[in-house]
Amino acid sequence: MSMKVKEILFKQLLSGEVVSGAELSKQLNVSRNAVWKAISELTKSGYNIESTPKGYKLIAGNVLSGIEIAKYMKADISAYVFDELTSTNDKASELAKNGERGIVVSNMQTSGRGRLGREFYSPSTSGLYMSLILGVDLSLNQGQLITAYTAVVVANAIEKLCGGKIDIKWVNDLFIGSKKLCGILTEASIGLEGNSFDYVIVGIGINIDNLTFPDELVSKCTSIKMALNKEVNRNELVALIADGMQNINEEIKQSNFIDEYRRRSNVIGKMVLVNGSYSAKVLGITENCAIILEHDGQIKEINGGEVSILINEN
Ligand code: BTN
């Protein structure tokens, strides 16, 4: 089915309209059956759609909506809301190339991606999948701190709405206890001179509801509902995160947030496996968010890559 019918129908329903199937099929020049199929796909995605004599009506609930996000948000930013996307980062890049700024949110992703070419599990209605398109005024060096700053903002937003204690696993994962709750994927377009950013896309994926994780994730991942037994309003969480990201340029330039990043770190003082190849002790995290490691009697800093905790003393 053409994505367009579902997208247009979804937008109309989100705006609170009662959508007449007959009128929509005329307007888009598609069959009534195509409209019915779009309704049925949205219902399968978890939306409660009532069929009234005048047409279809969306029953609110925990439905992602630009209007609801705007109600909670202080910043004046456009929110582009979709039922289904390949990845919110893909849509955000497409919009950014056309000069748009704002937030892209989707109820599900068919090709959600994580760092190091991994997949990000993104089933319908159970997570929050959002990407911010940011115009940043930072050097490429300072840009390395965008993911770390985002991790602090998201940890604060989750704690504010849901309580709990959110830790950061260097560099971009949020944890509750020993399980991952959220991942962050930052992608940037560098200007032609190669020394500044055209725009930056910060993709954030948070597990929200009860989830049936695939086998390989069951022991590693959790969600807000599963770990804290809290229902969270996804629109409010999007707004809080977006507001928290508004001062990103100043915050990164002052780099005060690094202290909080360190306080939230669950790797400092631990033995970790570095890039799947050697073990080391984490001595600290630098002002540039590099990790300081002690390995074979040598001390070194690394800027990228991945560590996994070997001994959890908690
Ligand atoms: C990671 O865990 O390695 C990062 C995961 C980032 C997932 C988010 S979900 C929203 C945005 N769209 C994507 O395809 N990925 C990011």
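Some notes on this structure:
- Qualifying residues in the range 56-86 (those that are of a type in the set (G, A, S) and surrounded by 18 or more Cβ atoms within 10 Å (Cβ to Cβ)) - the one nearest to M245 (Cα to Cα): A79
- Residue in the range 208-221 that is touching a residue at least 12 places away in the same chain (Cβ under 8 Å), under 19 Å from A151 (Cα atoms) and aliphatic (A, V, I, L, M) present: yes
- Residue in the range 80-94 that is assigned to a loop (DSSP other than H, G, I, E, B) and in contact with a helix residue (DSSP H, G or I) (Cβ under 7 Å, 6 or more places away or on another chain) present: no
- Scanning the range 102-119 for residues that are buried (at least 19 other Cβ atoms within 10 Å of the Cβ) and within 6 Å of the ligand (Cβ to nearest atom) yields a count of 3.
- Some residue of the range 129-143 being under 16 Å from the mean Cα position of the chain (by Cα) and more than 26 Å from N195 (Cα to Cα): yes
- The range 26-44, residues that are loosely packed, with under 12 Cβ neighbours inside 10 Å and part of a loop (DSSP other than H, G, I, E, B): N29, S31
- Taking residues in the range 288-304 that are among the hydrophobic types (A, V, I, L, M, F, W, C), and partners anywhere that are outside any strand (DSSP E or B), the pairs with Cβ atoms closer than 6 Å and at least 6 places apart or on different chains are C289/L145; C289/A148; A290/N303; I291/W170.
- Any hit, the range 151-161, residues being surrounded by 17 or more Cβ atoms within 10 Å (Cβ to Cβ), among the polar types (S, T, N, Q), within 16 Å of I248 (Cα to Cα) and within 14 Å of the ligand (Cβ to nearest atom): no
Rule-based calculations on the coordinates, nothing more; no lab input. Everything numeric here is computed off the predicted structure, so don't read it as measured data. Cβ atoms come from the backbone with ideal geometry, glycine included; neighbour counts cover every protein chain shown.
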